[in-house]
Amino acid sequence: MAIPQVKFREIVFQLLYSFDTGHAEEEDLTQLLMKELAVTKNTLRQAHDKVHQIQALKNELDKSIAGVSQSYGFERIQSVERNILRLGTYELLYDKAIPAKVAIVEAMRLARKFGSPESASFVNAILDNLYKTSLGEPVSSPIIKQRFEELEEGDRLSNLGNEIRTQESKDHGTSEIS
């Protein structure tokens, strides 16, 4: 039985992210994802095939993304968003079976699920501009810059919240010992 395209896309993203961040072995990831996501080896083989197609075009995808994100460097994009953008850009520019709007909406969904609301806005701005560029329309750099600044602010606030919780835990632990 075939799995829904939404779940398949999540598996592809997870593989892309894993390869990008941890240099994981393909067979190890296959076994882990089969167990955790309850999918077949055939499904993961298909997902690996799509990942290999994306990785074969990685330089072109990254150049396309960097081309519309002119207000900052590609290397500043966090790994979650970077890999969602690679998948979304691949679907937008190279996978003709997927309508452009579906590729953008699905990338935003992945960003909300695996990133943050700010991630979704940022991914939308980048992919929307890529789509417009593919149609010959001009890029809107101020919108992308604004979305990136919102993303950075969200990350900063999240990190600050983590620091506060860590400090409160330490303080709470210290007061119990006294």
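Each reported figure results from applying straightforward, stated rules to the coordinates on display, with no laboratory input. The structure presented is a predicted model; accordingly, all values stated were derived computationally and were not measured. Heads up, the Cβs are rebuilt from the backbone with ideal geometry, glycines too, and the neighbour counts pull from every protein chain shown.
Which pairs in the list K35/K96; K50/K96; K35/K113 are over 24 Å apart, alpha-carbon to alpha-carbon?
Flagged as over cut-off: K35/K96.
Report the calculated FRET efficiency for K35 and Q5 (r = Cβ-Cβ distance, R0 = 25 Å), to the nearest 0.05.
That pair, K35 with Q5, gives E of 0.70.
Taking the Cβ of L61 as the centre, find all other residues whose Cβ is under 15 Å away and add up their charges (Lys, Arg: +1; Asp, Glu: -1).
Around L61, the charge tally is -2.
Treat each spin label as a single point 7 Å out from the Cα along the C-beta direction, and report the K101 to H52 distance in nm.
Inter-label distance under the simple model: 3.5 nm.
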